[in-house]
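Read through the structure below, which is laid out as structure tokens, and then see the notes.
Read-outs: derived from the displayed coordinates by stated rules, not from any lab. These figures come from a predicted structure and were not determined experimentally. Glycine also receives a Cβ, built like all others from the backbone with ideal geometry; neighbour counts cover every protein chain displayed.
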Amino acid sequence: MKVLIITYYWPPAGGSGVQRWLKFVKYLQNFDIEPVVYTVDNANYLKQDSSLESEIPKNINILKQPIWQPTDIFFWKKNKQQKKGISNLSKGGFLSFVRGNFFIPDPKVFWVKKSVKFLQRFLNNHKVDVIISTGPPHSMHLIAKKIHQKNNIKWIADFRDPWTDLYYNKDFKQLSFAKNKNKKLETSVLKNADCVVTVSNHLKKQFAAIAKNVEVITNGFDDEVLSENTFVLDKKFTISYIGLLPKQSNPKVLFGVLNQLCLENKDFKKDLQLNFIGDIADEVKLEIENTNLLENASFTGYVSHKKAIEFQRKAQVLLLLIPNVINNKGILTGKLFEYLTAKRPILAIGPEDGDLATILKETNAGVISDFNNSVKLKVEILHLYQQYKTGSLEVSSKNINQYHRKELTQQLATIIKNL
């Protein structure tokens with residue numbers, strides 16, 4: 001069996017967007033499915049991690065086409081991207097307004113027509129059984145939809161994030177015509193795809209109101225996080241956040257509680273270390289400063305995936321944050337599943353009745369506190385700190401093997417073959 005996978009993010013792209021389909025491609029051949037990847041040839045990726053290229057199977061066909069997008073000229077230059085980070089791209093200003101109202105669904109839309117022509121020529125000479133598109137960027141779904149309709153090939157649309165309900169969309173200040181067009185495009189994709197795959201149960205419920213067939217395959221972890229290498233834990237009481245931290249996830253309640261604890265306990269202030277590894281929104285740094293925690297905080301920019309895993313394994317406590325936005329119960333950040341394997345306690349802030357809360361409970365990997373529940377959060381942090389002081393801070397996570405990328409790929413293979 002052969003599948004054509006249409007994805008914008010592909011090594012040397014770094015960040016979370018590349019992981020899901022790189023790992024699926026890595027394991028699909030184990031289930032007698034041959035992947036063909038279609039991606040961009042000259043992508044202006046915000047972050048790059050060339051080490052991921054070693055995970056691409058050597059024997060697969062990778063098709064590439066150059067892409068032009070208006071952001072290359074009008075929005076920012078590549079060298080500035082690397083410095084600023086993706087957490088600060090959406091400021092709600094004029095450029096965001098242009099992005100949200102004139103490039104629908106996203107600036108990659110200019111790649112659609114060219115890609116359809118290229119892929120049609122390929123399909124005229126090569127048979128594939130299933131087309132798979134993954135978004136965001138959701139323009140990938142528009143490519144797949146046209147190919148699906150022209151060739152009557154089964155189509156799976158993978159939604160790593162929502163489309164019209166994506167939490168940072170409001171920063172684009174979309175006018176009614178832009179909102180309506182996006183909704184129309186999204187509905188068309190959901191209705192026409194033979195199967196919609198997404199990452200959480202809450203998102204499944206949302207998409208199932210339109211789509212006829214919706215399946216959940218979460219994100220996961222792979223062998224590199226299961227290394228037997230031992231890491232010496234940080235000496236200080238480190239609360240470490242690894243990854244992109246957008247302004248919508250600014251944990252004001254956490255900083256307020258930590259400030260209280262520092263004022264109440266000099267030893268706590270002396271021991272506390274907040275580590276932020278990755279792109280951190282300016283709003284978060286300002287909140288840290290306003291709560292007098294700047295001297296307890298350190299900021300490390302974007303690092304490779306391998307280095308990020310090292311930070312996870314050394315931390316006393318791993319911090320996981322869900323955006324404080326509407327419809328956030330289905331948000332499951334990719335780092336959750338790697339956090340699970342780090343065997344360090346997870347301290348999460350988010351909806352206590354969301355998909356994250358369910359997984360933390362099932363795996364016994366950590367605790368979650370709501371955005372405004374400062375009392376519970378303070379109790380949990382003090383409990384973790386007391387364990388740290390007695391040298392007993394550890395966690396016994398369970399039921400995590402189901403999130404290994406190979407297990408998840410088997411789920412995908414079953415869906416593909418059932419089509």
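General observations
- Gap separating the Cα centres of the stretch 198-226 and the stretch 114-171, nearest whole Å: 17
- Residues whose amide H lies under 5 Å from that of ILE5, counting only those 5 or more places away or on a different chain, are VAL36, VAL37, TYR38, ILE132; hydrogens are built 1.01 Å from N in the peptide plane.
- Residue-wise HN-Hα coupling along the stretch 111-122, computed from phi with Karplus coefficients 6.51, -1.76, 1.60 (Hz; x: Gly, Pro): 8, 5, 4, 5, 5, 4, 4, 5, 6, 5, 4, 5
- Scalar couplings 3J(HN,Hα) for the stretch 280-286, obtained by applying the Karplus form with A = 6.51, B = -1.76, C = 1.60 to θ = phi - 60°, are 10, 5, 4, 4, 5, 4, 5 Hz; x denotes Gly and Pro.
- Over 30 Å (Cα to Cα) - which of LYS117/LYS181; LYS247/LYS306; LYS170/LYS285 fall in this group: none
- Share of Cα-Cα pairs in the chain lying beyond 38 Å, as whole percent: 21
- Ordering of 122-132, 11-21, 311-321, 51-61 by packing is 311-321, 11-21, 122-132, 51-61, highest average first (other Cβ atoms within 10 Å, averaged per residue).
- Of the residues THR363, THR390, THR134, the one with the fewest other Cβ atoms within 10 Å heads the list, and the complete ranking is THR390, THR363, THR134.
- Cα centroid separation, the stretch 1-57 to the stretch 278-334 (Å): 26
- Scalar couplings 3J(HN,Hα) for the stretch 300-314, obtained by applying the Karplus form with A = 6.51, B = -1.76, C = 1.60 to θ = phi - 60°, are 10, x, 4, 10, 5, 4, 4, 5, 4, 5, 4, 4, 5, 6, 8 Hz; x denotes Gly and Pro.
- Within the same chain, aspartates and glutamates fewer than 8 places from LYS2 are excluded, and of the rest, those with a Cα less than 20 Å from its Cα are ASP32, GLU34, GLU55, ASP129, ASP158, ASP194, GLU407.
- Residues whose amide H comes within less than 5 Å of that of SER369, counting only those at least five positions distant or on another chain, are ALA348, ILE349, GLY350 (H built at 1.01 Å from N in the peptide plane).
- The mean sequence distance of close C-alpha pairs (under 8 Å, at least 6 residues apart), as a share of the length of the stretch 95-211, puts its relative contact order at 29 percent.
- With helices as the sole contributors, the chain gives -12000 deg cm²/dmol at 222 nm; each DSSP H run of n ≥ 4 counts as -39500 (n - 2.57), and the sum is divided by every residue.
- Built from the Cα atoms of the stretch 223-389, the convex hull projects on average onto 9.2 nm², one quarter of its surface area.
- Scoring 244-256, 391-403 by mean Cβ neighbours within 10 Å over their residues and listing the highest first yields 244-256, 391-403.
- Count Lys and Arg as plus one, Asp and Glu as minus one, and take only other residues whose Cβ is under 12 Å from that of ALA144; the net charge is then +2.
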